[in-house]
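The values are calculated or read from the model by the stated rules, or taken from the named source; none is laboratory data. Remember, it's a predicted structure, so these values are computed and weren't measured experimentally. In this analysis, Cβ positions are derived from the backbone assuming ideal geometry, glycine residues included, and neighbour counts consider all displayed protein chains. Ligands, DNA and RNA are excluded from the accessible area calculation, which covers all protein heavy atoms including side chains. Shrake-Rupley method; radii C 1.70, N 1.55, O 1.52, S 1.80 Å.
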Amino acid sequence: MALKVAAFYQFAALPDFRALRAPLHALCARRGLKGSVLLAHEGINGTLAGPPEEIDALIEEFQHGVLFGGRLDNLELKYSVAAEMPFGRLKVRLKKEIVTLGDPLADPTRQVGTYVDAAEWNALIAADDVLVLDTRNAFEVAMGTFEGARDPAIASFGQFKDFTARELDPAKHRRIAMFCTGGIRCEKASAHLLAHGFAEVYHLKGGILRYLEQIPKSESRWRGECFVFDERVSLGHGLRERSPRMKVVADE
């Protein structure tokens, strides 16, 4: 039976995130799930795999159960399948940020860029006055990216703020469209740009994964494969597994 893989995140106030770690780990373990979940004061970020009914039950608990008390009622969710378990074990970790940028001014609960649905993305990035920006690291970009996108040539997302300070200018780059794997890095990246004077910032809602799920290959401006942080390594259009399995080495 194919396994269901859920990638999810939400920026939400979780001041009790440390106390949530043990019961969340126990809940996932009882359901036979494996993968990785990050908890921080600013929210949750993770990818888990397991039997479809157990994944569905966990998401129901996230959204409506007592553990999070209704605080995860706006989860960004993406589903895919795996022929084999793509994770070796279950990890629930505590972090300062659910995606590490290191800019206290970048607060997605206060402001983020304008979301652009997959169906509208092609028209936006085709505009001559739009800088298309890949927010992922060099390892991921090398596997695939959108036509004409600028590669920030970073080794980890934490270096993105250094790239923007060095290479981008609010007066020159008036319209920026950015993308990442599932959307979470763009939440922080767009908040960072807005906090530092960039006026018009867009990001692909649901990230590359949502685009590959919804846009037919015949209409796609995506080239290559999309790296994912599990043993499937990468996904193609329709979120199908594409590459032989190998060790995951890229930065989250």
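Quick test of your reading of the structure: A250 fulfils all but one of (1) out of contact with any Gly (no Cβ under 7 Å at 6 or more places or on another chain); (2) among the small types (G, A, S); (3) at pLDDT 95 or above; (4) outside any strand (DSSP E or B). Name the failing condition by number.
(3)
Do the conditions hold for M178, that is, is it closer than 16 Å to R221 by Cα, in contact with a strand residue (DSSP E or B) (Cβ under 9 Å, 6 or more places away or on another chain) and modelled with pLDDT under 95?
no
Based on what the data block shows, is G206 within 27 Å of G46 (Cα to Cα) and touching an Asp or Glu at 6+ places or on another chain (Cβ under 8 Å)?
yes
Given the conditions (1) under 19 Å from the mean Cα position of the chain (by Cα); (2) open to solvent by 50 Å² or more (accessible area, probe 1.4 Å); (3) under 28 Å from A2 (Cα atoms), and given that L75 satisfies all but one, which numbered condition is not satisfied?
(2)
Go through (1) open to solvent by 30 Å² or more (accessible area, probe 1.4 Å); (2) of a type outside the set (D, E); (3) modelled with pLDDT under 95 one by one and return the number of the condition K34 breaks.
The failed condition is (3).
State all residues of segment 1-21 that are more than 16 Å from L75 (Cβ to Cβ) and touching a residue at least 60 places away in the same chain (Cβ under 8 Å); if no residue qualifies, say none.
Within segment 1-21, A2, L3, R18, R21 qualify.
(1) among the small types (G, A, S); (2) touching a helix residue (DSSP H, G or I) at 6+ places or on another chain (Cβ under 9 Å); (3) free of Cβ contacts under 8 Å to residues at least 40 places away in the same chain: which one isn't true of A123, the others all being true?
Status for A123: all satisfied but (2).
Can you tell me how many residues within segment 201-219 are touching a residue at least 60 places away in the same chain (Cβ under 8 Å), open to solvent by 10 Å² or more (accessible area, probe 1.4 Å) and not in a strand (DSSP E or B)?
Number satisfying all stated conditions: 7.
Return yes when G148 is surrounded by fewer than 19 Cβ atoms within 10 Å (Cβ to Cβ), touching a residue at least 12 places away in the same chain (Cβ under 8 Å) and of a type outside the set (A, V, I, L, M, F, W, C) and no when it is not.
Answer is yes for this residue.
Would you confirm, using the coordinates I've provided, whether F68 is aromatic (F, W, Y), more than 30 Å from V201 (Cα to Cα) and modelled with pLDDT of 95 or more?
Criteria met by F68.
What strands (runs of 3 or more DSSP E) completely inside segment 1-81 contain at least 2 residues that are closer than 13 Å to K91 by Cα?
Hits in segment 1-81: 34-40, 43-50.
Filter segment 115-145 for residues that are open to solvent by 40 Å² or more (accessible area, probe 1.4 Å) and either basic (K, R) or part of a loop (DSSP other than H, G, I, E, B) (or both) and give the result.
Once the filter is applied, which keeps residues that are open to solvent by 40 Å² or more (accessible area, probe 1.4 Å) and either basic (K, R) or part of a loop (DSSP other than H, G, I, E, B) (or both), segment 115-145 yields D117, D128, D129.
Looking only at residues in segment 82-109 that are in a loop (DSSP other than H, G, I, E, B) and basic (K, R), which one is nearest to A7 (Cα to Cα)?
Once the filter is applied, the top-ranked residue is R89.
Please work out if C186 is open to solvent by less than 10 Å² (accessible area, probe 1.4 Å) and within 16 Å of L124 (Cβ to Cβ).
yes
Against the conditions (1) out of contact with any strand residue (DSSP E or B) (no Cβ under 7 Å at 6 or more places or on another chain); (2) surrounded by 16 or more Cβ atoms within 10 Å (Cβ to Cβ); (3) modelled with pLDDT of 95 or more; (4) among the charged types (D, E, K, R), where does E167 fall short? Just the number, please.
Result: E167 passes all but (2).
Among the numbered conditions (1) closer than 16 Å to L204 by Cβ; (2) open to solvent by 20 Å² or more (accessible area, probe 1.4 Å); (3) assigned to a loop (DSSP other than H, G, I, E, B); (4) touching a Lys or Arg at 6+ places or on another chain (Cβ under 7 Å), tell me where V112 comes up short.
Condition not satisfied by V112: (4).
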